[in-house]
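What follows is a set of notes on a single structure, which appears directly below.
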Amino acid sequence: MTRSRGRACDSREATVTAAGQPRTVVVVGGGIVGLSVAWFLQEHGVEVTVVERAEVGAGASWGNAGWISPGLAIPLPEPSVLRYGFRSLMDPDAPLYVPTKPDPKLWAFLTRFASHCTMPQWRKAMKHYLPVNAGALDAFDVLTGNGVAAKTVDAPIMAAFERAEQAADLRHELELINQAGQEIKFTELSGAEVRKAVPQVSGNVELALRLDGQRYIDPGAFTQALADAVRERGGEIRTGFTARTLRHGPKGVTVEAFAGDPVHADTVVLATGSWLDELARPLGVKMPVRAGRGYSFSVPVTEDVPCPVYFPAVRVACTPYQGRLRVAGTMEFRHADAPLDPRRVTSIVNSARKLLTGVDWTERAETWVGPRPVTPDGLPLIGETKVPGVYVAGGHGMWGVTLGPLTGQLLAEQMVTGKAPAALHPFDPHRGGLRSLVRRSA
């Protein structure tokens, strides 16, 4: 994660590196996306250095729900989100929180986001997700089968509802996903059947949809294991490095920091999550990225929880976590570095308390807030900027964990071959502009 100040490199000053793959790469950002890029570049024999302003995985890669859920990885902008958003503006305890104080940039972003909340736009964007969702699990298997000492757990996601009629929206969404060409199998369970499968679901739940074919991880442990693997293969990881600007020169691209020595490489990848704008915008990436912050904490349970549990009506996701239960929720559009708001945690507890049993809500631990990088069209930004030798990988919204390893695999392929894989074309950082039109016609 970085914060940018000062003069960014200018494309007129850029020195194009020699033809062929880069020999050295600096990855700015030590989350699951940036580390995946580094690991897959090492597969091609590239020397990598990762710089991170805090600790490895300190941002959205640590405290999220840890779901690897390609069946649910869909564009965030869609009509029901827009309707829900308008209702939430009148409820300070709603899972979606938008500050009411004047913020022209935020409201411009939300207006642009709202323009994509139509079914034609959703269907178009959903087509772009199909190829990457299809390869998401395989990319995790490549990592865990080749030295990343962390596990992924196969388990369904149990989407539970207090009232049976509340399931209609999710059922409709799943049908749309299947119609779009992405298969997700789901089974309807009665309240009694749910409690037999997941004893922690309370008697207040009338119905659930079991979503099969998903996985989950301990996201912090997985990210740390990925960092360890990068180091073991000769990569360098520098923490406490806050990037200030990029410059081109005889040594290729230089990443300068607010304090400490700069780093040099043939090529740079910006994988800075919700801070992506600060370094990428001066490089011609005009698609904005905003922080949609999520909250989480863990609580003790009287017995192990067998699978992730989701309460769509209140937007709360629960995942087995180190013998406890991680509880996550909220989409809060505030600055990425704003302090944790305890009222959001209270709202999550109040929403989930009556839906779960065998949970000690007074013994909360590891309370966390982290920024998810959201784009207005619901698609990530992956590819080369207008400045030769500088790439971006970010803007995955809620799907950074699910799509992080595949992003690294595909972007590494583009960087070493000079040709973007077809699956990355819709995520061109300059989509909609002249550059992307020229590339598509080439």
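The values are calculated or read from the model by the stated rules, or taken from the named source; none is laboratory data. None of the values given here were measured: they were computed from a predicted structure. Cβ: placed from backbone, ideal geometry, glycine included. Neighbour counts: every protein chain shown. To get the accessible areas, we keep the full protein, side chains included, count just its heavy atoms, and leave off ligands, DNA and RNA. Shrake-Rupley method; radii C 1.70, N 1.55, O 1.52, S 1.80 Å.
Applying the Karplus relation 6.51 cos²θ - 1.76 cosθ + 1.60 with θ = phi - 60° to the range 238-247 yields 3J(HN,Hα) values of 10, 9, x, 10, 9, 5, 10, 6, 10, 9 Hz, where x marks Gly and Pro. Normalised by residue number, the volume inside the convex hull of the Cα atoms of the range 282-345 is 147 Å³ per residue.
For the chain, the solvent-accessible area with a 1.4 angstrom probe is 41 square angstrom per residue. Here the 3J(HN,Hα) profile of the range 56-69, calculated from phi with Karplus coefficients 6.51, -1.76 and 1.60 at θ = phi - 60°, is 4, x, 6, x, 5, 6, 9, x, 6, 6, x, 7, 9, 10 Hz, Gly and Pro shown as x.
Per residue, what volume in Å³ does the convex hull of the Cα atoms of the chain enclose?
Numbers: hull volume 59.8 nm³, N = 442.
About 135 Å³ per residue, rounded to a whole number.
Counting charges near ALA167 (Lys, Arg +1; Asp, Glu -1) among other residues having Cβ under 15 Å from its Cβ returns a value of -4. Evaluated with a Cβ-only charge set (Lys, Arg +1; Asp, Glu -1), the chain carries a dipole of roughly 1320 debye about its Cα centre, given to the nearest 20.
Close amide H pairs (under 5 Å, H built 1.01 Å from N) link VAL201 with THR357, residues at least 5 positions away or on another chain.
For the range 311-356 versus the range 162-214, the spacing of their alpha-carbon centroids is 20 Å. When the Cα convex hull of the range 75-223 is projected onto planes of every orientation, the mean area is 11.7 nm². From the largest down, the range 310-356 spans 30, 25, 16 angstrom on the principal axes of its Cα atoms. The convex hull built on the alpha-carbon positions of the range 157-196 has an orientation-averaged projected area of 2.9 nm². Once backbone amide H atoms are built at 1.01 Å from N, LEU325 has VAL299, VAL301 as its partners under 5 Å, excluding neighbours fewer than 5 places away on the same chain.
P(r) tail for the range 116-187, what percent of Cα pairs lie past 14 Å? Let's see the in-between values first.
Details: 1841 of 2556 pairs.
Of all Cα-Cα pairs in the range 116-187, 72 percent lie more than 14 Å apart.
Computed from phi, the 3J(HN,Hα) profile of the range 224-231 under the Karplus parametrisation 6.51, -1.76, 1.60 (θ = phi - 60°) reads 5, 5, 5, 5, 4, 5, 4, 5 Hz, with x in place of Gly and Pro. Once backbone amide H atoms are built at 1.01 Å from N, VAL50 has VAL27, GLU236, ILE237, ARG238 as its partners under 5 Å, excluding neighbours fewer than 5 places away on the same chain. Of LEU143, LEU176, LEU207, the residue with the greatest mean-square motion in the GNM of the chain, using alpha carbon springs below 10 Å, is LEU176.
From the protein chains alone at 1.4 Å, what is the descending order of accessible area for THR144, THR223, largest first?
Working: THR144 50, THR223 5 Å².
Greatest to least solvent exposure: THR144, THR223.
Using the Stokes-Einstein relation with a Kirkwood hydrodynamic radius computed over Cα pairs, the translational diffusion coefficient of the range 290-408 at 10 °C and a viscosity of 1.306 mPa s comes to 100 µm²/s.
Pairs of lysine residues in the chain that meet both criteria, 8 or more places apart or on different chains and Cα atoms under 27 Å apart, total 21. Sorted on the mean count of surrounding Cβ atoms within 10 Å across their residues, most packed first, peptides 241-251, 48-58 read 48-58, 241-251.
With an a/c value of 1.5 or above and a/b larger than b/c for the gyration tensor axes a ≥ b ≥ c computed over the alpha-carbon atoms, the range 241-360 is described as prolate.
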